[in-house]
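Just below is one structure, and these are the notes that go with it.
The values are calculated or read from the model by the stated rules, or taken from the named source; none is laboratory data. Predicted model, so just to flag it, every value in this text is computed and none were measured. Cβ placement follows ideal geometry from the backbone for every residue including glycine, while neighbour counts extend to all protein chains displayed. Surface areas here come from the heavy atoms of the whole protein model, side chains and all, with no ligands, DNA or RNA. Shrake-Rupley method; radii C 1.70, N 1.55, O 1.52, S 1.80 Å.
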Amino acid sequence: MCYSIYLFHGALLYILHDHLIQPLFTLEKGQWPTNLLPLATLTILTLIVCSAAYKYIERPSMLWGSPKK
């Protein structure tokens, strides 16, 4: 699953931050207690999407090169 996270995390963080976190929350530089909820939400959503990518993209593609029984 690490490879799915590696591949998708950058794009997901960019998209989720600009289209979900920024409109819903006010992020202030240097105010980590205020920013904790949006950052935790961003992290959890990223891991959920990457888990789905692992299950539906990476796992099935692992079987492509295996010999048929």
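Observations, loosely collected:
- Selection count, the range 17-66, where residues are among the hydroxyl-bearing types (Ser, Thr, Tyr) and touching a His at 6+ places or on another chain (Cβ under 9 Å): 1
- Qualifying residue in the range 51-61 (condition: open to solvent by 60 Å² or more (accessible area, probe 1.4 Å), touching a Phe, Trp or Tyr at 6+ places or on another chain (Cβ under 9 Å) and of a type in the set (Val, Ile, Thr)): no
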